[in-house]
Amino acid sequence: MKRFFLFIPLFPCLTLGAEELPNPNLLPTTKAIREIILAKQKDEKAKLEAYTQTIPLAEGSKIDLIPIPAGKFKIGSNPASPNHKPDEAPQKEIAIPSFWMAKLETTWDIYRPFMENGKARNKDGTLNRDADMTTSEAPDLKDGETLIDTVTQPTPPYIPMHFSMGDGYSKDYPAVGITFHAANKFCEWLSGQTGHFYRLPTEAEWEYACRAGTTTDYSFGDDVSKLGEYAWFADNSEFQYQKVGTKKPNPWGLYDMHGNAAELTLDHYAADTYGKIKDGAMNPWLSGQNRYPTIHRGGHWDADAKALRSAARGQTSAELKSLDPQIPKSLWYFTNASWLGFRVVRPLELPTLEEMHKAWNQGPGPTE
């Protein structure tokens, strides 16, 4: 199986040739959304301050975004720590540009309108205009369609993706069972209707925001006895996810960075990631074309305390779809990951067209 890995510094921007872009057939939609974003930038000057994003296609549901200041930090864990793992080393100093991060994990009221989009879809998420779900169709607009319709979106779920936890598809609970591909396409869907560029955080951005200036195992220190004040995890979750934002936030006002739902990032996983990063690198991103393995961070409601550390890394795999009865298995749902969700970020500076497209279209790559 061919693998493709590339470290890409998201800022400053790096221009890629069209032949290197994933899913270049979907580039017209990326271009159209970028034009919407550029037009909105003419009317408003972005300031790094907290704001609330309304989502028109989610019945006006909102996302609160927290400003994350630019800075430097050491990614990874100290090898002298008793909780250290080999893939968290060597520690490297990384520079992070300013961005916003969602205060809360993405909830069902925001995600469900994307997941149940009301349009006939091919298996790959393109609009199904020929009654054959196995084909892929161009993103050009037809009568009765909108630009947002041309964003590839999920086919309907075949089991309740809330897994009978909480209060069903409630606005109070994190959306879970979501694949890397689905989360990336959600960010594109969100961007097209709001006029702001949203994506998953890079692994470096996620850890920087989680640490919030700290160097300890957790954003509140090293005392694991305090973890229950900040996180839902195996010791207190009652074997299911819990309402978002009900524990204490980290020093920058972000909730559930430890526990509740694990959170997808933009990076593919490699055990030696940090060894290939140079000290002083600007927001490195390990890109890839395959579906797995990609990085998730923060631990979750069924994880032990060590997995909730700021430096702890998790990875996706095909095993997260083992209960999926479809052939081929769905691009959109992790039927064995009732603990895996995400939150969005928005960089202060708009990247290039190529970087936007790559962020939204990594994968899905080979079937497994």
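Laboratory data are not the source of any read-out in this text; all were calculated from the coordinates shown. Given the structure is predicted, the values throughout are model-derived calculations rather than measurements. Here Cβ is always computed from backbone atoms with ideal geometry, including for glycine, and neighbour counts include all displayed protein chains.
Determine the gain in length on full extension of the stretch ASP222-MET282; use 0.36 nm per residue of separation and subtract their C-alpha separation, reporting nm with one decimal. Could you put the intermediate results ahead of the total?
Working: separation 60, 0.36 × 60 = 21.60 nm, distance 2.78 nm.
Fully extending the segment from ASP222 to MET282 adds 18.8 nm.
May I ask which of LYS243/LYS306; LYS103/LYS185; LYS85/LYS329; LYS142/LYS171; LYS74/LYS248; LYS119/LYS247 have a Cα-Cα span longer than 30 Å here?
Numbers: LYS243/LYS306 22 Å; LYS103/LYS185 20 Å; LYS85/LYS329 32 Å; LYS142/LYS171 33 Å; LYS74/LYS248 24 Å; LYS119/LYS247 37 Å.
Going by Cα-Cα distance, LYS85/LYS329; LYS142/LYS171; LYS119/LYS247 fall outside the 30 Å limit.
For the chain, what does -39500 (n - 2.57) per DSSP helix run (n ≥ 4), summed and divided by total residues, give at 222 nm, in deg cm²/dmol to the nearest 500? Mind showing how you got there, number by number?
Working: 6 runs with 62 residues, N = 368.
The helix-only estimate for the chain comes to -5000 deg cm²/dmol at 222 nm.
How about the range 45-103: which trypsin sites (Lys or Arg not before Pro) there are in a DSSP loop, with at most 11 other Cβ atoms within 10 Å of their Cβ?
Details: sites: LYS45, LYS47, LYS62, LYS72, LYS74, LYS92, LYS103; in loops: LYS45, LYS47, LYS103.
For trypsin sites (Lys or Arg not before Pro) across the range 45-103 that sit outside H, G, I, E and B with at most 11 neighbouring Cβ atoms in 10 Å, the list reads LYS45, LYS47.
Using the count of nearby Cβ atoms within 10 Å as a rough guide to exposure, how do LEU323, LEU190, LEU147 rank from fewest to most? Let's see the in-between values first.
Numbers: LEU323 12, LEU190 26, LEU147 16.
Ascending number of Cβ neighbours within 10 Å: LEU323, LEU147, LEU190.
Work out the charge dipole of the chain with +1 on the Cβ of Lys and Arg and -1 on the Cβ of Asp and Glu about the Cα centre, then indicate which of TYR241, ILE94, ASN128 is farthest towards its positive end.
ILE94
Using 0.36 nm times the number of residues separating THR135 and GLU20, minus their current alpha carbon distance, what extension gain do you get? Before the final figure, lay out each step's value.
Numbers: separation 115, 0.36 × 115 = 41.40 nm, distance 2.31 nm.
That works out to 39.1 nm of additional length.
Between GLU49 and LYS306, what length comes free when the chain is fully extended (0.36 nm per residue of separation minus the Cα-Cα distance, one decimal in nm)? List each step's numbers first, then the result.
On the way: separation 257, 0.36 × 257 = 92.52 nm, distance 3.28 nm.
Full-extension gain reported as 89.2 nm.
Considering the dipole of the chain built from charges on the beta carbon (Lys and Arg +1, Asp and Glu -1) around the Cα centre, which of ALA46, LEU340, ILE159 is farthest to its positive end?
ALA46
Can you tell me the orientation of helix 180-194 relative to the chain, as the angle in degrees between its alpha-carbon axis and the longest Cα principal axis, to the nearest 10?
Taking Cα atoms only, the helix is inclined about 70 degrees.
Kindly express, to the nearest 10 degrees and within the range 0 to 90, the angle between helix 27-43's C-alpha long axis and the longest C-alpha principal axis of the chain.
Between the helix axis and the principal axis of the chain, the angle is about 70 degrees.
Within 10 Å, count the other beta carbons around each residue, average over each peptide in 247-254, 127-134, and list them highest first.
Descending mean neighbour count gives 247-254, 127-134.
Given [x] 0.97; [y] 2.07; [z] 0.93, which label gives Cα Rg over 2.2 N^0.38 Å as computed from the coordinates?
The value matching this structure is [z].
Please give the net charge around THR29, taking every other residue with its beta carbon less than 13 angstrom from that of THR29, where Lys and Arg add +1 and Asp and Glu add -1. Mind dumping the intermediate values first?
Working: positive: LYS31, ARG34, LYS185; negative: GLU35, GLU137, ASP140, GLU145, ASP149, GLU188.
So the environment of THR29 carries a net charge of -3.
Got a sec? How would THR52, THR215, THR294 order by Cβ neighbour count within 10 Å, fewest to most?
Working: THR52 9, THR215 13, THR294 27.
Going from sparsest to densest Cβ surroundings: THR52, THR215, THR294.
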